[in-house]
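Heads up, the thing below is written out as structure tokens.
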Amino acid sequence: MVMEEKPKKLLILYASETGNAIDAAERLGREAERRGCPVLLLSVDDFDPSSLPDQEIVIFVVSTTGQGDNPDSIKVFWKFLLQRNLTQNWLSRVNYAVFGLGDSGYQKYNFVAKKLDKRLSDLGATAVVERGLGDDQHSSGYEGALDPWMSTLWKALYQKDPKLFPKGPELMTSNMSLMDQPKVQITYHDVVEGTSNFSSIPDVKLLEMQIESTRFILPGKLAGKYSPECFLKMVKNDPLSKAGSGKDVRHFEFEAVSSSIEYEVGDVVHILPGQDAAAVDAFIKRCNLNPESYIQVQVNDNKENEQSYDLRNTLKVPVRLKTFVELAMDVASASPRRYFFEVMSYFATAEHEKERLQYFASPEGRDDLYEYNQKERRTVLEVLDDFPSVQMPFEWLVQLVPPLKTRAFSISSSHSAHPNQVHLTVSVVSWTTPYKRKRTGLCSSWLAELDPQKSGLIPAWFQKGSLPSPPPSLPLILIGPGTGCAPFRGFVEERALQSQSGPTAPILFFFGCRNEENDFLYRDFWLFHSQKGGVLSEEKGGGFFVAFSRDQQQKVYVQHKMREESFKIWNLLTEGAAVYVAGSANKMPSDVLLAFEEIVSKEGGVPKEAAVRWLRALEKAGKYHVEAWS
């Protein structure tokens with residue numbers, strides 16, 4: 001009797017920062033399975049890089065963060081690939097494909113995918129297809145590039161090894177056969193059983209347990225440490241911008257409640273926002289759920305399919321269903337993914353709704369779905385309300401509703417100046433969609449509405465940002481327009497303290513805002529440190545320069561002020577200064593870099609190309625840092 005050969009598994013590795021690369025990787029996995037090819041889907045930090053030469057075919061899905069940075073999950077893997085002892089034929093038996101997710105509005109567009117593609121090739125691996133580059137700026141987002149790239153990939157893989165797709169690259173099994181089982185299983189407990197364990201546990205400890213018990217549904221190591229490092233309590237909520245100016249920028253101060261906090265200037269704090277109680281109640285009601293029931297969520301142990309969705313634990317303790325939704329499921333801020341619409345179509349009982357959902361989930365309906373969903377930032381709750389005949393089982397909702405993510409903020413205080421406190425400078429985000437619907441940022445608007453007198457416990461995690469803490473002897477050139485000034489408030493506070501006990505190097509700080517009257521953030525603070533021997537004062541070799549972009553006919557930005565002070569900048573650069581740039585990712589970082597190129601060329605008396613090389617060397621030496629956000 002001939003043993004039937006077990007089909008090969010297609011290995012898909014992803015590196016994600018916000019979750020988009022996970023979505024793209026899961027989509028690739030589903031499409032491969034529909035063609036009869038089993039899949040192993042892993043976060044790249046769950047894969048042993050030393051076993052890479054043993055893989056026949058690997059698909060990489062990687063995002064680029066910030067200014068061309070690696071997502072955290074790929075850092076160890078990338079370091080391994082850069083080892084000098086790896087030879088040019090180390091991966092000679094490996095076939096690979098790379099799909100990148102990026103934003104062409106940034107200078108280093110899809111940088112991580114490009115450098116990974118080159119490095120794999122340099123180590124002897126063979127590309128099955130040309131790398132695909134998804135672009136957030138595309139009218140359909142990254143899927144605009146993913147759809148055609150996938151189609152090419154299946155054909156190329158089939159040519160390479162027909163056994164991967166036993167019935168050809170086009171033939172797909174009925175989606176219904178893949179719909180039988182969601183990836184999670186929910187056990188319901190009666191109320192008495194669920195609550196009896198918690199009565200004697202203090203509030204902080206209980207919240208910590210609940211967060212730890214719900215956060216594991218975040219894919220990969222996106223959740224970081226499941227348990228918060230500490231809990232914060234808001235003690236100050238002050239407006240920094242003038243009322244009616246069209247901007248709402250706040251200064252928040254928090255104190256650590258549960259444990260002492262440790263951070264350095266330049267670090268970042270991640271905050272888990274609260275959700276609107278009415279929206280959570282409306283979601284629970286719309287889905288016919290009992291908010292008071294106690295649940296445990298487990299991963300379905302499907303041995304046949306090792307597809308790792310990285311729901312890596314089970315709920316350690318039963319948790320109230322409403323608490324689970326509040327802490328883990330983003331029901332009224334994030335937009336659902338394309339797969340959500342596909343699964344909804346199976347549960348729609350009204351024919352016209354089913355047809356519309358099937359159209360949205362199809363390649364033909366991709367652009368219309370993008371218009372309806374992502375561009376309008378439709379929430380899960382709004383989508384469910386638009387398709388009232390759909391009743392999705394809670395298991396599918398837990399799997400498919402976008403997870404509630406933490407939000408990252410640059411810290412705007414020095415821990416030395418404010419022990420046990422952390423300060424933030426936050427612009428309250430609001431915008432109007434193409435169909436004139438008002439939208440607000442979940443975390444910033446939630447923080448803005450908190451009353452310091454009644455503030456509850458805020459879960460927080462601390463992390464290194466892109467701006468390393470500078471030693472007191474290092475001269476600094478800081479460029480931080482708008483809320484980009486946040487980390488530099490911490491830098492200046494810290495250096496002012498250091499200057500009391502010894503000599504410190506000078507700081508040049510370039511700040512920018514629209515109007516002197518409306519949004520000159522921390523005006524008194526900067527002016528205080530600019531006079532009488534302060535760390536920004538001229539007598540200390542420093543300087544503070546402000547560009548008010550709208551206070552005159554011609555717009556004036558930080559880069560204009562930099563050119564005016566080119567002599568001072570060049571002098572400080574020749575003394576070994578480090579450059580720090582923070583603020584909006586739009587055009588500012590590239591405009592600032594261009595200004596530096598002109599300054600180095602003019603003051604150093606060298607051609608533009610030499611100035612570009614000089615600044616590249618400065619960056620390589622760890623003396624040119626950018627932290628930008630969109």
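The values are calculated or read from the model by the stated rules, or taken from the named source; none is laboratory data. Since this is a predicted model, take the numbers as computed values, not measurements. So basically every Cβ, Gly included, is an ideal-geometry build from the backbone, and we count neighbours across all protein chains shown. For the accessible areas, the whole protein counts, side chains as well, though only heavy atoms, and no ligand, DNA or RNA atoms are used. Shrake-Rupley method; radii C 1.70, N 1.55, O 1.52, S 1.80 Å.
Computed on the chain, with alpha-carbon pairs under 8 angstrom and 6+ residues apart, the relative contact order is 13 percent.
Net charge of the neighbourhood of Gly266, taken over other residues with C-beta under 13 Å away and scored Lys/Arg +1, Asp/Glu -1, is -2.
The angle separating the long axis of helix 203-215 from the principal Cα axis of greatest extent in the chain is about 60 degrees. Residues in region 10-164 average 39 Å² of solvent-accessible surface per residue, probe 1.4 Å, ligands and nucleic acids excluded. Once you have a ≥ b ≥ c as the square roots of the Cα gyration tensor eigenvalues for region 398-497, tell me rounded if a/c is under 1.5, and otherwise prolate or oblate according to whether a/b is larger than b/c. Note, shape of region 398-497 comes out prolate. In region 10-164, a dipole from Cβ-located charges (positive for Lys and Arg, negative for Asp and Glu) runs towards its positive end, and of Gln137, Gln55, Ser16 it is Gln55 whose Cα lies farthest in that direction. Kindly express, to the nearest 10 degrees and within the range 0 to 90, the angle between helix 20-34's C-alpha long axis and the longest C-alpha principal axis of the chain. Value to nearest ten degrees: 20. Computing FRET efficiency as 1/(1 + (r/R0)^6) for Ala621 and Gln553, where r is the C-beta to C-beta distance and R0 is 35 Å, gives about 0.30.
For the chain, the residue among Ser473, Ile186, Leu164 whose Cα projects farthest onto the positive side of the dipole built from Cβ charges is Ser473. Taken one residue at a time, the phi angles of region 143-149 give Karplus couplings (6.51, -1.76, 1.60, θ = phi - 60°) of 5, x, 9, 5, 4, x, 5 Hz. Gly and Pro are set to x. Between Lys163 and Gln500, the distance separating the two model label sites (each 7 Å from Cα on the Cα→Cβ line) works out to 7.2 nm.
Over region 422-566, the hull volume per residue, using the convex hull of the C-alpha atoms, is 184 Å³. Fully extending the segment from Lys75 to Tyr359, taken as 0.36 nm per residue of separation minus the present Cα-Cα distance, adds 98.3 nm. Remark on Ser241: its backbone amide H falls under 5 Å from those of Val249, a criterion applied only to residues 5 or more positions apart or on other chains, H modelled at 1.01 Å from N. The phi-based Karplus calculation (6.51 cos²θ - 1.76 cosθ + 1.60; θ = phi - 60°) puts the 3J(HN,Hα) values of region 491-498 at 4, 5, 4, 5, 5, 4, 5, 4 Hz, whole numbers, x for Gly and Pro. Taking amide hydrogens as placed 1.01 Å from N in the peptide plane, the amide H of Ala127 sits under 5 Å from those of Tyr96, each at least 5 positions away in sequence or on another chain. Taking the helices alone, the chain has a mean residue ellipticity at 222 nm of -9500 deg cm²/dmol, built from -39,500 (n - 2.57) per DSSP H run of at least 4 residues and averaged over all its residues. Within the shell defined by Cβ-Cβ distances under 14 Å, the residues around Glu598 carry a net charge of -2, with Lys and Arg each +1 and Asp and Glu each -1.
Only one residue of Ala417, Gln391, Pro459 has its Cα farthest out toward the positive end of the dipole of region 377-463, where Lys and Arg carry +1 and Asp and Glu -1 on Cβ, and that residue is Ala417.
Can you tell me the orientation of helix 351-361 relative to the chain, as the angle in degrees between its alpha-carbon axis and the longest Cα principal axis, to the nearest 10? It is inclined by approximately 60 degrees.
Do the alpha carbons of any pairs in Lys114/Lys183; Lys115/Lys163; Lys75/Lys587; Lys233/Lys454; Lys115/Lys464; Lys247/Lys623 sit beyond 21 Å of each other, and which pairs? Listed pairs above 21 Å: Lys114/Lys183; Lys115/Lys163; Lys75/Lys587; Lys115/Lys464; Lys247/Lys623.
Spatial offset of region 19-81 relative to region 315-394 amounts to 26 Å, using the alpha carbon center of each. Beta bridges per DSSP, both residues in region 10-164: antiparallel share near 5 percent. Probing with 1.4 Å while keeping every protein chain in the model, the per residue accessible area of region 476-628 equals 44 Å².
Couplings 3J(HN,Hα) for region 260-273, derived from phi with the Karplus relation 6.51 cos²θ - 1.76 cosθ + 1.60 (θ = phi - 60°), are 6, 10, 10, 7, 10, 4, x, 7, 10, 10, 9, 10, 8, x Hz, where x marks Gly and Pro. Counting only Cβ charges, +1 for Lys and Arg and -1 for Asp and Glu, the dipole size of the chain around its Cα centre is about 1060 debye. Proximity of backbone amide H atoms, modeled 1.01 Å from N, is registered between Gly134 and Gly100, Leu101, Gly102 at under 5 Å, excluding neighbours fewer than 5 places apart on the same chain.
Summing Cβ point charges (Lys, Arg +1; Asp, Glu -1) relative to the Cα centre of region 10-164 gives a dipole of roughly 560 debye. How much net charge surrounds Pro472 when only the other residues with a Cβ under 9 Å from the Cβ of Pro472 are counted, with Lys and Arg +1 and Asp and Glu -1? Taking every Cβ under 9 Å from that of Pro472, the sum is 0. When the solvent-accessible area of region 10-164 is split by element, carbon and sulfur atoms take up 47 percent of it, the probe being 1.4 Å.
Among the protein heavy atoms, those of Lys540 account for about 80 Å² of accessible surface (1.4 Å probe, every chain in place). Beta bridges assigned by DSSP with both partners in the chain are antiparallel in approximately 50 percent of cases. Multiplying the residue separation of Asp367 and Tyr339 by 0.36 nm and subtracting their alpha-carbon distance yields 8.6 nm. When the Cα atoms of region 491-619 are aligned to their principal axes, the ranges along those axes come out at 41, 40, 23 Å in descending order.
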